[in-house]
1. Can B:Leu169 be described as more than 10 Å from chain A (Cβ to nearest Cβ), over 27 Å from A:Ala29 (Cβ atoms), in contact (Cβ under 8 Å) with a residue 60 or more places away in the chain and under 16 Å from the mean Cα position of the chain (by Cα)?
2. Taking the options A:Ala135, A:Ala141, name whichever one is within 12 Å of chain B (Cβ to nearest Cβ) and touching a strand residue (DSSP E or B) at 6+ places or on another chain (Cβ under 6 Å).
3. Name, by its number, the condition in (1) in contact (Cβ under 8 Å) with a residue 24 or more places away in the chain; (2) under 18 Å from the mean Cα position of the chain (by Cα); (3) buried (at least 21 other Cβ atoms within 10 Å of the Cβ) that does not hold for A:Ala135.
4. Against the definition (more than 14 Å from chain B (Cβ to nearest Cβ), more than 22 Å from B:Met127 (Cβ to Cβ) and modelled with pLDDT under 90), how does A:Ser46 come out, yes or no?
5. What is the one condition in (1) over 23 Å from B:Asn167 (Cβ atoms); (2) within 14 Å of chain A (Cβ to nearest Cβ) that B:Gly29 does not satisfy?
6. Looking only at segment B:61-99, filter to residues that are modelled with pLDDT under 85 and among the polar types (S, T, N, Q); which one of those is farthest from B:Met127 (Cα to Cα)?
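The values are calculated or read from the model by the stated rules, or taken from the named source; none is laboratory data. This structure is a prediction, so every number in the text was calculated from the model and none was measured. Here the Cβ positions follow ideal geometry from the backbone for every residue, glycine too, while neighbour counts run over all protein chains shown.
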Amino acid sequence: MSTPLSKNSREESLLNLPLAELLRQSPLAGEFFPTMGLPLPPETMSPSAYFAILDGELLEDLALARESLAEQFTDYLSLLSTLQKGRDASRLESITIQGGHDKSNRQEEFSLTIRPGEIVSLVGPTGSGKSRFLADIEWLAQGDTPTGRSVLIDGVPPEPGLRFAIDRKLVAQLSQNMNFVMDLSVEEFITMHAESRMMEDIPAITRSIIALANELAGERFSPETPVTSLSGGQSRALMIADTSCLSNSPIVLIDEIENAGIDRKRAVRTLVDKRKIVLMATHDPILALMGERRLVFKNGGIAAIITTSDKERANLKLFEEMDAKLGAVRNALRNGERIEDFR
Amino acid sequence: MRVVTLAGPPSSGKSAVTIKAIASLKQKGVTVGVVKFDSLSTQDQLLYEKQGVAVTTGLSGNLCPDHFFVSNVEESLAWGVENGFDLLVIESAGLCNRCAPHIQGVLAICVIDNLSGVNTPKKIGPMLKMADIVVITKGDIVSQAEREVFAHRVRQVNTNATILNVNGLTGQGGDELGRLLQGAPETTSVAGKLLRFSLPAALCSYCLGQRRIGTDFQMGNVKKMAFS
């Protein structure tokens, strides 16, 4: 059962180090024990010696098999180093989606290349194929999904292992009906996420994410606020700040940002500034026109790719004025004023 | 016939994701049978029938559900072979989190949901830790950060599994799960094969129907808690 020594020799040698020395070399390795429900070994004892003397009854209670512990431990160490290496390695230069066919087998005639920092809008009614398009990207389709599309990373077919590399997931999704199910403060919540990403200066990164989220959200919140009591806009702002700073995924899908309580344009800009590829499913003209291109979905396929024209961009100014006007009416309503004098 | 064991806590979405995966396999002409193990009652038989999937349900009643499962798994395969299925899915709930129906040489899947909280992966035993594929469900209702933390915690306790997000409602990921199911090894009999991990020890007086509480009435395999 043991892995070949050549492949994992570093991990195997750590197995025989006394705990104190092991933690000096690999500070996060100690997490293995509580993760498995085990107490920490004594400082002077190596994991392999510890596994040999662990009480059989305890192992049975924890549903652990003594003979596989060493392997689980070295696998865990390999995972740690993969995660640490992968932290910055998820950069990509471009992603290319090659057309397949729609639900009626009509061929899609396109090859779409998107680069970090670009915004692409997705438009079309529910059920028109937007989710399938994202799934094709996430699954790195190679002509083997229902749409027959193919995805290239940096111009070439991706290595097969990338498909299941959950720590290198390509797409982060900021969906509309998102909830927090954890009972934690904002600060604890972001800290926990940063820890799972093996970040170095966790307090600093947590502070900067909360500050950024506060800039995006209309109403301020403190690090001590429970995540479950954030408003919709605040939650959105927090998740956008969090995703832009902590998510490893190079592509971010945003599913319609609601109007209230968040600086929508700035939020999208934040992601773009962090060199994310932003895909935005939206029918909000102000957001949709931020995209260089928009994909029109029909019947499970991409029916057209529209490049935003200068004329449309000129209209953006007008739409923004209209939006500001409506925003003012909304505010007046909120403040208990009459809304008779808006022209 | 390809065989998979699929297990997960109650209401984690086992049947929902199985149905989505089967729907995708059906389009490719794959015939699938399901054996559903549960303890007291289940509505899933109807769910599967509605989708036109051949299904047999086994209720363990007053027996330990996992022991009941092991006693009937061989017959489940025989039923599958008899019906000429290409794929047999054996679905059961991991009711005490300590048990696992996973069998050596049979593709093992664990289904858990994001809503169960980020500490759950640590609390689930061999059902999760010894699975080949971990399906995470209900990703659409939690935040992106929670999804990432949850997947990371699953990865911590099972470093080698293939982790897949499947949405049991929209079916996103169902096609991919179907593809993975088709990679299950061919098996026609499990007689003589080994469970991947022993089931929890039992057989105390309460296993035998004792109802009265008190040390005097406890016999057999009894363990006492430590109170400090």
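1. On the way: more than 10 Å from chain A (Cβ to nearest Cβ): yes; over 27 Å from A:Ala29 (Cβ atoms): yes; in contact (Cβ under 8 Å) with a residue 60 or more places away in the chain: yes; under 16 Å from the mean Cα position of the chain (by Cα): no.
No: the conditions fail for B:Leu169.
2. On the way: A:Ala135 fails: touching a strand residue (DSSP E or B) at 6+ places or on another chain (Cβ under 6 Å).
Exactly one residue qualifies, and that residue is A:Ala141.
3. Of the numbered conditions (1) in contact (Cβ under 8 Å) with a residue 24 or more places away in the chain; (2) under 18 Å from the mean Cα position of the chain (by Cα); (3) buried (at least 21 other Cβ atoms within 10 Å of the Cβ), the odd one out for A:Ala135 is (1).
4. Numbers: more than 14 Å from chain B (Cβ to nearest Cβ): yes; more than 22 Å from B:Met127 (Cβ to Cβ): yes; modelled with pLDDT under 90: no.
When the stated conditions are applied, A:Ser46 does not pass them.
5. Tallying (1) over 23 Å from B:Asn167 (Cβ atoms); (2) within 14 Å of chain A (Cβ to nearest Cβ), B:Gly29 fails exactly one: (2).
6. For segment B:61-99, the residue satisfying everything is B:Asn62.
Residue by residue, here is whether (1) among the hydrophobic types (A, V, I, L, M, F, W, C); (2) closer than 19 Å to A:Ile277 by Cα; (3) buried (at least 21 other Cβ atoms within 10 Å of the Cβ); (4) free of Cβ contacts under 8 Å to residues at least 12 places away in the same chain holds:
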| residue | (1), (2), (3), (4) |
| --- | --- |
| A:Ala204 | yes, no, no, yes |
| A:Ser208 | no, no, no, no |
| A:Leu212 | yes, no, no, no |
| A:Ser222 | no, no, no, no |
| A:Ser229 | no, no, no, yes |
| A:Gln234 | no, no, yes, no |
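Per-residue answers, yes or no, for (1) under 23 Å from A:Asp263 (Cα atoms); (2) in the same structural domain as A:Val120 (by TED's automatic domain parsing):
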| site | (1), (2) |
| --- | --- |
| A:Ile302 | no, yes |
| A:Ala314 | yes, no |
| A:Lys317 | yes, no |
| A:Met322 | yes, no |
| A:Leu326 | yes, no |
| A:Arg330 | yes, no |
| A:Glu337 | no, no |
| A:Phe342 | yes, no |
